[in-house]
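Readers should treat all values here as calculations from the given coordinates under stated rules, not as data from a laboratory. Note that this is a predicted model, so its numbers are computed, not measured. Every residue, glycine as well, gets a Cβ built from its backbone with ideal geometry; the counts of neighbours run over all protein chains shown.
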Amino acid sequence: MDNREQLTHLFKGITVGTDKFQVTPLSQEVLIVWGEHDQLFPVDKAYSIQRSLDGNARVEIIKKTGHAPQLEDPARFNNIMLDFLMAADPAWTNGSSL
C-alpha cells in the first residue's frame, strides 16, 4: 500500500467512524494519552485500543482538553510521560545517571 492509499484509508476510517483497530499486542508497556473532550476520537476509543492490546496499556485521560492534550495542557502531559518513562526504568528513580 503506498502513501496515498494509506492516507485515503485513514481518512475513510475517520469520516466513516470505523471502530476496528488493527493493533498488534506489544510486549512492552504502552501509554495511551487522551483528551477528555476529544471531538475526533471520543474517550471510549482509548479504552477500545487498550482492549485491543489485551489490556497491556495504561490509559491517561487529561481533563479539560480536546484532541491535542499535549498542546492544551503540556505540563500535565509532560508529567504523565515522565511518570511513565521513569516507571519503566527504575534506575532513573534511584538517582542513577546514564
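Just to check, using Stokes-Einstein with a Kirkwood Rh over alpha carbon pairs, what's the diffusion coefficient of the stretch 25-92 at 10 °C and 1.306 mPa s in µm²/s?
Values: Rh = 12.5 Å.
Diffusion coefficient, whole number: 127 µm²/s.
Based on the Cβ-Cβ distance of residue 63 and residue 8, what FRET efficiency does E = 1/(1 + (r/R0)^6) give at R0 = 35 Å, to the nearest 0.05?
Efficiency for this residue pair is about 0.55.
Residue 76: net charge of surrounding residues, Cβ under 12 Å, Lys/Arg +1, Asp/Glu -1, itself excluded?
Computed value for this residue: -3.
How much net charge surrounds residue 65 when only the other residues with a Cβ under 12 Å from the Cβ of residue 65 are counted, with Lys and Arg +1 and Asp and Glu -1?
Overall, the nearby charge balance is -2.
How high is the FRET efficiency from residue 88 to residue 40, r the C-beta distance, R0 35 Å, rounded to 0.05?
E(calc), rounded to 0.05, equals 0.80.
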